Amino acid sequence: MGQRLSLCLVGVDIGGTKLATVVADANGQILNKVRQPTESHRGFEHAIKLIVDMIDQLLHLEQFTRDQISAIGISCGGPLDTKTGVVYSPPNLPDWDAIPLADIVESEFKIRPVIENDANAGALAEWRFGAGRGYNHVVFMTMSTGIGAGIVVDGRILHGASDCAGEVGHQVLIPNGPVCGCGNRGCLEAICSGPAIAQRAQEKVRKNPHTKILDLVDDNIEAIRSEEVLEAAKSADPLALDLIHEISFYMGWGIANLVNIINPDIVLIGTIAVAAGDLLLDPIRRTVLEMSMQRPGEIVKIMPAQLGQQIGDLAAISLVV
Ligand SMILES: [Zn+2]
């Protein structure tokens, strides 16, 4: 087995629960990947050692040497500074405070990596490989544990002055509403994220136990998650449909604000919206049309994200293709 002659790209997706590393050809075609649990309790040194080992393992499997890496893309939870490559305590990696990630990787591989927060990298991946292909103005919204967004304008990520653009989840929609992880109250994320939906569902079910949601968790109210709400709503359970109606109203309102400010061609929504499909997206579309200005509201498409589980791998690679 001889060594390949071409160059390769390396992508690293750093999450709170897993690390994924991929090697791709120069066109971004993924050749191979490996995953490992992050074991974030063991600290960042452990995770970085794992990442270096995973990259070496992949290079070996695909018959590349370190010299043949033409670029390294890293997608990681923010906040982080894309210019200095320093990561600042992401919520899912709490002890990663002021970690000079780009410097560490550069000293190991002699190549400066491109570092980006996961929502931005995900937006770039959807624009390049997914449902955002062919559009100039693309917003990709995450809707799972949290709500955030990456905004791509003419093929470039909108970073803002300090890499904080796209925090759509922290627009306040209910003054004095539910407490948000950011410390404020009534943010979109505190109303429509997975944990927020679960909490609202649990409160409603306590007041009105005549719902299919309760059958889906064997009467254990604390076990209700957004998944059960969606499943019950799909079989027309009135309480679940009520919740979907509320969620879609606030999501639609939040997106309408975004539509008026950014004027995107398309807004792609991840995880929960993908699982719910038109059940959630149709009422969101109606709310957006009602609440946004006419011209941006009529042009924007609201669609589920397309890349699903693949997004982490493609996000990191899309930074360097
Ligand atoms: Zn908030």
Discussion item. For segment 90-124, give me each residue that is part of a loop (DSSP other than H, G, I, E, B), farther than 21 Å from Ala26 by Cα and not charged (D, E, K, R).
Written reply: Pro90, Pro91, Asn92, Leu93, Pro94, Trp96
Practice prompt. Would you be able to say whether some residue in segment 70-87 is among the acidic types (Asp, Glu) and in contact with a Phe, Trp or Tyr (Cβ under 9 Å, 6 or more places away or on another chain)?
Written response: yes
Worksheet item: Do we find that Thr65 is modelled with pLDDT of 95 or more and touching a His at 6+ places or on another chain (Cβ under 9 Å) in this structure?
Response: no
Discussion item. Whether any residue in segment 133-144 is among the hydroxyl-bearing types (Ser, Thr, Tyr) and over 24 Å from Ile255 (Cα atoms) is what I want to check.
Written reply: no
Worksheet item: Only one residue in Asp118, Asp95 is surrounded by fewer than 18 Cβ atoms within 10 Å (Cβ to Cβ), under 30 Å from Gly183 (Cβ atoms) and in contact (Cβ under 8 Å) with a residue 40 or more places away in the chain. Which one?
Response: Asp95
Worksheet item: Just a yes or no: is a residue in segment 85-108 at positive phi and not small (Gly, Ala, Ser)?
Response: no
Worksheet entry | Any hit, segment 37-51, residues being in contact with a Cys (Cβ under 8 Å, 6 or more places away or on another chain) and surrounded by fewer than 19 Cβ atoms within 10 Å (Cβ to Cβ) | no
Item to complete: Report, by residue number, each residue of segment 286-306 that is over 21 Å from the mean Cα position of the chain (by Cα) and either part of a helix (DSSP H, G or I) or among the charged types (D, E, K, R) (or both).
Response: Arg286, Thr287, Val288, Leu289, Glu290, Met291, Gln294, Arg295, Pro296, Gly297, Glu298, Ile299
Practice prompt. Collect the residues in segment 181-208 that are touching a residue at least 12 places away in the same chain (Cβ under 8 Å) and not in a helix (DSSP H, G or I), keeping them in residue-number order.
Written response: Gly181, Cys182, Asn184, Arg185, Gly186, Cys187, Ser193, Asn208
Discussion item. Taking the criterion of being among the acidic types (Asp, Glu), assigned by TED's automatic domain parsing to the domain that holds Val168, in a helix (DSSP H, G or I) and in contact with a helix residue (DSSP H, G or I) (Cβ under 9 Å, 6 or more places away or on another chain), would at least one residue in segment 251-269 satisfy it?
Written reply: no
Worksheet item: How many residues, within segment 64-92, are surrounded by fewer than 15 Cβ atoms within 10 Å (Cβ to Cβ) and of a type in the set (S, T, N, Q)?
Response: 3
Worksheet, complete the sentence: Residues of segment 270-281 being touching a residue at least 12 places away in the same chain (Cβ under 8 Å) and part of a helix (DSSP H, G or I), in sequence order, are Thr271, Ile272, Ala273, Val274, Ala275, Ala276, Leu279, Leu280, Leu281
Worksheet, complete the sentence: When segment 121-139 is checked residue by residue, the ones that are crowded, with 24+ Cβ neighbours inside 10 Å and of a type in the set (A, V, I, L, M, F, W, C) are Ala121, Ala123, Leu124, Ala125, Trp127, Val138, Val139
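Specify the residue that is farthest from Val259 (Cα to Cα); the eligible residues are those in segment 149-191 that are within 16 Å of the ligand (Cβ to nearest atom) and in contact with a Pro (Cβ under 8 Å, 6 or more places away or on another chain).
Gly181
The values are calculated or read from the model by the stated rules, or taken from the named source; none is laboratory data. All values reported here derive from a predicted model rather than from experimental measurement. Cβ coordinates were reconstructed from backbone atoms using ideal geometry, including for glycine residues, and neighbour counts include every protein chain displayed.
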